[in-house]
Amino acid sequence: MADVIGSETVKHGQINKGVASWMMFDWAAQPFFTVVTTFIFGPYFVNRMTSDSVAAQTAWSTTATIAGIIIAVLAPILGSIADKSGSRKPWIAAFAVVKILSLSLLWTAAPGAPVVWVATLFILATVAAEFSIVFNDSMMPRLVNSQDVGRVSNIAWGLGYLGGMLVLISIVLFVAGSPETGKTILGIDPLFGLDPEQGEDARITGPISALWYLVFILPMFLFTPDAAKGKALGAAVSSGLREIRNTLAEVKTRPSIFRFLIARMIYQDGVNGILILGGVFAAAMFGWSTMEMGIYGIILNIVAIFGCLIAGRIDLTLGSKTVIIIGLLLLLTATLGIVSTGSDYTLFGLMSLPIVTTEGLFATPAEKAYIVYGVLIGLAFGPVQASSRSYLARSVSIDESGRYFGLYALSGRATSFLATLSFSVLTAWTASPQIGMASMIVFLGGGLLLLIGTPYPAKEKSAAL
């Protein structure tokens with residue numbers, strides 16, 4: 001293993017072919033989160049596939065909750081198994097098959113389609129995507145030295161947003177037809193004869209994301225060095241299950257890592273909630289079409305790319321913790337702005353925004369205010385996640401990266417169902433999505449307060465297993 005690490009680890013300031021190919025994973029994976037989860041398919045599920053937008057928001061949130069529970073239970077176990085089996089690529093390939101098939105079948109989500117069927121496909125795609133990320137992230141300490149890991153992580157995350165944005169732009173320009181005219185923003189008929197009335201402009205995002213993922217994960221498989229093969233699958237499973245028990249006990253003896261993982265568990269719940277629910281929240285409030293949701297997503301992704309590039313420099317000079325704190329403060333500000341906005345006001349009515357016209361894109365002042373808050377989200381949510389990844393990579397050794405990134409995935413999902421569940425419960429109880437969305441402030445703020453007192457990096461020596 002030492003020869004692989006020594007020859008392939010990126011030198012300071014340089015990115016070799018293996019690392020560049022590893023970074024392409026984020027480019028390949030992001031369109032699922034951009035066009036399916038957040039900006040196109042999710043809002044379609046709420047606004048057009050079903051007739052009751054409040055109930056649909058609750059159903060979408062509940063679906064994310066179920067996926068989060070599955071990920072929370074299994075991710076750390078799979079991470080420990082990966083440490084024992086050595087190779088990560090076979091696991092990524094297996095989950096890629098599940099993800100690609102599930103996304104492709106989202107084409108069947110026509111208006112009036114059974115919600116349970118569509119929700120099951122989304123759960124399978126989400127679980128497969130997140131498990132793949134566990135194995136991909138655990139490769140990072142083997143490829144990148146600790147000095148450059150924050151910069152590389154943020155650049156990779158920025159590449160992901162660029163990939164997601166390109167897919168989103170393509171959909172807005174060539175696929176998403178206006179419900180009124182049937183034409184795209186370019187004034188042309190949607191490609192492939194897609195019918196907006198049947199939601200085909202939104203349903204096609206599943207197959208498109210699947211094809212994009214299939215094509216662009218290939219460089220990682222071809223050029224990124226993997227760990228040497230370890231134990232056979234059966235032995236790896238047995239040993240990995242035993243090791244995860246030891247790791248859960250061990251992490252309590254490493255208070256800095258333990259505190260960081262708990263803080264991340266709390267604030268990532270809020271981040272996940274915003275990502276999963278922000279698009280459907282806007283679509284329900286303003287009745288945005290696929291075209292408008294797409295343009296909104298493009299704005300956020302452009303901002304996110306610059307946010308990641310700026311954060312990469314800050315991470316290199318001031319450290320990952322500083323980036324996360326700044327990002328969480330921006331997210332708190334944005335979320336407070338979002339929940340304080342109604343159809344004709346913002347800041348809880350302190351600022352009146354009278355509706356003059358509803359004709360045109362983002363015609364009302366309230367919609368424009370929502371976009372301003374969205375820009376703050378775009379600046380922050382990528383760096384928060386990318387620098388959280390580099391925070392842990394700087395804090396663990398190469399040989400324990402799989403099991404600790406498994407715990408990292410657990411910390412990102414262990415209670416993520418609480419964020420979406422709180423939205424579901426509060427929205428159903430009050431019939432107010434604003435009140436449901438306000439619960440994200442609790443998660444973001446609680447995680448921030450705990451992180452402030454957490455040492456950086458978390459470098460306690462691992463106990464022998």
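The values are calculated or read from the model by the stated rules, or taken from the named source; none is laboratory data. All of these numbers come straight from a predicted model, not from anything done at the bench. A quick note on method: Cβ atoms are made from the backbone with ideal geometry, for glycine too, and the neighbour counts reach across all protein chains shown. Only protein heavy atoms, including side chains, enter the accessible area calculation; ligands, DNA and RNA are left aside. Shrake-Rupley method; radii C 1.70, N 1.55, O 1.52, S 1.80 Å.
Residue 241: modelled with pLDDT under 75 and either in contact with a Leu (Cβ under 6 Å, 6 or more places away or on another chain) or closer than 24 Å to residue 126 by Cα (or both), yes or no?
yes
Considering each residue of segment 328-342, count those that are modelled with pLDDT of 90 or more and open to solvent by 10 Å² or more (accessible area, probe 1.4 Å), and give that number.
Residues that pass the stated criteria total 5.
On the given criteria, is residue 81 open to solvent by 40 Å² or more (accessible area, probe 1.4 Å), in contact with a helix residue (DSSP H, G or I) (Cβ under 7 Å, 6 or more places away or on another chain), at pLDDT below 90 and in a helix (DSSP H, G or I)?
When the stated conditions are applied, residue 81 does not pass them.
Given the options 28, 59, name the one that is under 18 Å from the mean Cα position of the chain (by Cα) and part of a helix (DSSP H, G or I). Break it down stepwise before answering.
Numbers: 59 fails: under 18 Å from the mean Cα position of the chain (by Cα).
Unique residue meeting the criteria: 28.
Might you check whether a residue that is over 30 Å from residue 301 (Cα atoms), open to solvent by less than 10 Å² (accessible area, probe 1.4 Å), small (Gly, Ala, Ser) and modelled with pLDDT under 75 occurs anywhere in segment 446-463?
Yes, the conditions are met somewhere in segment 446-463.
Looking at (1) surrounded by fewer than 24 Cβ atoms within 10 Å (Cβ to Cβ); (2) at pLDDT below 70; (3) in a helix (DSSP H, G or I), can you tell me which one residue 406 breaks?
The single condition residue 406 does not satisfy is (1).
Answer yes or no as to whether residue 161 is touching a Cys at 6+ places or on another chain (Cβ under 8 Å), hydroxyl-bearing (Ser, Thr, Tyr) and open to solvent by less than 10 Å² (accessible area, probe 1.4 Å). Walk me through it before giving the result.
On the way: touching a Cys at 6+ places or on another chain (Cβ under 8 Å): yes; hydroxyl-bearing (Ser, Thr, Tyr): yes; open to solvent by less than 10 Å² (accessible area, probe 1.4 Å): yes.
So residue 161 fits the description; yes.
Just to be sure before I move on: is residue 138 touching a strand residue (DSSP E or B) at 6+ places or on another chain (Cβ under 9 Å) and not hydrophobic (A, V, I, L, M, F, W, C) in the structure I sent?
So residue 138 does not fit the description; no.
Residue 307 - would you say it is surrounded by fewer than 22 Cβ atoms within 10 Å (Cβ to Cβ) and small (Gly, Ala, Ser)?
The answer is no for residue 307.
Tell me, please, whether a residue that is without any contact (Cβ under 8 Å) to a residue 12 or more places away in the chain and among the charged types (D, E, K, R) can be found in segment 88-108.
No, that holds for no residue.
List pairs: first in segment 37-65 and over 24 Å from residue 178 (Cβ atoms), second open to solvent by 30 Å² or more (accessible area, probe 1.4 Å) and polar (S, T, N, Q), Cβ under 9 Å, 6+ apart or cross-chain?
If the second residue must be open to solvent by 30 Å² or more (accessible area, probe 1.4 Å) and polar (S, T, N, Q), the pairs left are 59/50; 63/120.
Picking from 312, 307, 337, which residue would you name as being in a helix (DSSP H, G or I), farther than 28 Å from residue 81 by Cα, small (Gly, Ala, Ser) and within 17 Å of the chain's Cα centre (by Cα)?
307
Please work out which residue is farthest from residue 326 (Cα to Cα), limiting yourself to segment 367-389 and to residues that are at pLDDT below 85 and open to solvent by less than 10 Å² (accessible area, probe 1.4 Å).
The selected residue is 389.
Pull up segment 170-211, narrow it to residues that are closer than 28 Å to residue 119 by Cβ and acidic (Asp, Glu), then point me to the one that is least open to solvent (accessible area, probe 1.4 Å).
The extreme case among them is 201.
Given the structure, is residue 348 assigned to a helix (DSSP H, G or I), in contact with a Gly (Cβ under 7 Å, 6 or more places away or on another chain), at pLDDT below 85 and not aliphatic (A, V, I, L, M)?
So residue 348 does not fit the description; no.
Does residue 266 count as open to solvent by 20 Å² or more (accessible area, probe 1.4 Å), at pLDDT below 85, aliphatic (A, V, I, L, M) and within 30 Å of residue 45 (Cα to Cα)?
The answer is no for residue 266.
If we keep just the residues of segment 315-327 that are in contact (Cβ under 8 Å) with a residue 24 or more places away in the chain and open to solvent by 30 Å² or more (accessible area, probe 1.4 Å), which is nearest to residue 168 (Cα to Cα)?
326
What tally of residues in segment 218-238 results from selecting those that are at pLDDT 75 or above and within 23 Å of residue 74 (Cα to Cα)?
Pass one, segment 218-238, residues at pLDDT 75 or above: 218-226.
Then keep just the ones that are within 23 Å of residue 74 (Cα to Cα); that gives 226.
Of the residues in segment 218-238, 1 are at pLDDT 75 or above and within 23 Å of residue 74 (Cα to Cα).
If you scan segment 27-54, which residues turn out to be touching a Ser or Thr at 6+ places or on another chain (Cβ under 7 Å), β-branched (Val, Ile, Thr) and open to solvent by 20 Å² or more (accessible area, probe 1.4 Å)?
54
Where residues in segment 418-436 are under 20 Å from residue 69 (Cα atoms) and among the hydrophobic types (A, V, I, L, M, F, W, C), which of them is surrounded by the fewest Cβ atoms within 10 Å (Cβ to Cβ)?
Out of the qualifying residues, it is 425.
Hey, among the residues in segment 259-287 that are among the small types (Gly, Ala, Ser) and either under 12 Å from residue 418 (Cα atoms) or assigned to a helix (DSSP H, G or I) (or both), which one's nearest to the chain's Cα centre (by Cα)?
Per the criteria, the residue is 273.
Could you tell me whether segment 317-326 includes any residue that is under 25 Å from residue 47 (Cα atoms), polar (S, T, N, Q) and in contact with a helix residue (DSSP H, G or I) (Cβ under 8 Å, 6 or more places away or on another chain)?
Checked segment 317-326: no residue is under 25 Å from residue 47 (Cα atoms), polar (S, T, N, Q) and in contact with a helix residue (DSSP H, G or I) (Cβ under 8 Å, 6 or more places away or on another chain).
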